[in-house]
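Report on the structure given below.
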Amino acid sequence: MKTIEIEEDLYLYIASQTKHIGESASDILRRLLEVDGQALQEVQAVNVVENTQEDNLVQGLVVEVANTETALEADEPDCDPLDYFDFNEISEVGSSTKRFLSLLSGLYAISGEQFAKACVLKGSKREYFSQDKDLLLASGKTSKPQAIPNSPYWVITNTNTARKRHILHHVASEMGLQEFQIERLCEAV
């Protein structure tokens with residue numbers, strides 16, 4: 001597996017294209033670019049691309065990804081944000097913390113940009129969300145921050161289930177979900 005550096009806005013776009021919880025960045029890109037493993041092996045076997053051609057290819061991929069329609073547009077009335085969640089799978093997860101993280105991951109998959117705006121939430125003494133684990137640790141020694149899967153965010157998890165529901169409700173509400181959708185998410189915690 002190779003690691004590449006990409007800009008934040010591109011990362012948010014790729015993450016917003018998640019179709020289901022647990023889908024990897026590679027799977028998302030394969031789907032968006034309509035590339036399968038066999039096609040990649042053929043490209044790697046040729047491997048005659050010079051550096052300037054590689055730069056053009058990467059720029060082309062970025063343009064292609066940028067021009068691909070998002071899975072959920074804010075003005076698309078037919079898209080249901082709850083389609084991003086496999087509630088049967090989430091209900092089988094053992095702890096409320098794991099369900100909480102899965103639900104937050106799904107909200108991030110709907111729209112990383114909206115999620116970023118919505119997760120500005122603070123308690124009286126704590127930060128709840130951050131892209132920096134150490135910031136959350138600094139706001140409370142017992143905060144137990146955990147990474148939200150498939151996102152660059154961390155969230156504190158040393159809260160009771162009611163507080164987790166409150167946090168989830170806040171984020172979903174700020175993202176513009178309807179009340180019945182928010183209630184369904186909160187019930188899943």
Close pairs (7 angstrom Cβ cut-off, 6 or more residues apart or separate chains): more than 18 Å from PRO81 (Cα to Cα) in segment 153-172, of a type in the set (A, V, I, L, M) and outside any helix (DSSP H, G or I) anywhere | TRP154/ALA147; TRP154/ILE148; VAL155/ILE148; THR161/VAL189; LYS164/VAL189
In this structure, does SER111 turn out to be modelled with pLDDT of 55 or more, closer than 16 Å to PRO152 by Cβ and in the same structural domain as ALA162 (by TED's automatic domain parsing)?
-> yes
Total residues in segment 114-130, condition touching a strand residue (DSSP E or B) at 6+ places or on another chain (Cβ under 7 Å) and either of a type in the set (S, T, N, Q) or not assigned by TED's automatic domain parsing to the domain that holds ARG184 (or both) = 1
Got a number for residues in segment 123-182 being closer than 20 Å to GLU8 by Cα and of a type in the set (Ser, Thr, Tyr)?
-> 3
Reported set for segment 103-127 where residues are surrounded by fewer than 17 Cβ atoms within 10 Å (Cβ to Cβ) and among the aliphatic types (A, V, I, L, M) is VAL120, LEU121
Given the conditions (1) closer than 20 Å to ILE182 by Cβ; (2) of a type in the set (A, V, I, L, M); (3) without any contact (Cβ under 8 Å) to a residue 12 or more places away in the chain; (4) assigned to a helix (DSSP H, G or I), which single one is not true for LEU107?
-> (3)
Could you grab me the full set of residues in segment 128-138 that are assigned to a loop (DSSP other than H, G, I, E, B) and either buried (at least 17 other Cβ atoms within 10 Å of the Cβ) or in contact with a Leu (Cβ under 7 Å, 6 or more places away or on another chain) (or both)?
-> TYR128
If only one of GLU34, GLU89 is modelled with pLDDT of 55 or more, among the acidic types (Asp, Glu) and not assigned by TED's automatic domain parsing to the domain that holds GLN114, which one is it?
-> GLU34
Tell me, please, whether a residue that is within 14 Å of ARG99 (Cβ to Cβ) and not in a helix (DSSP H, G or I) can be found in segment 162-171.
-> no
Which members of segment 83-95 meet the condition of being in a helix (DSSP H, G or I) and surrounded by fewer than 17 Cβ atoms within 10 Å (Cβ to Cβ)?
-> ASP83, PHE87, ASN88, GLU89, SER91
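The values are calculated or read from the model by the stated rules, or taken from the named source; none is laboratory data. Predicted model, so just to flag it, every value in this text is computed and none were measured. FYI the Cβ positions are ideal-geometry reconstructions off the backbone, even for glycines, and counts take in every protein chain you see.
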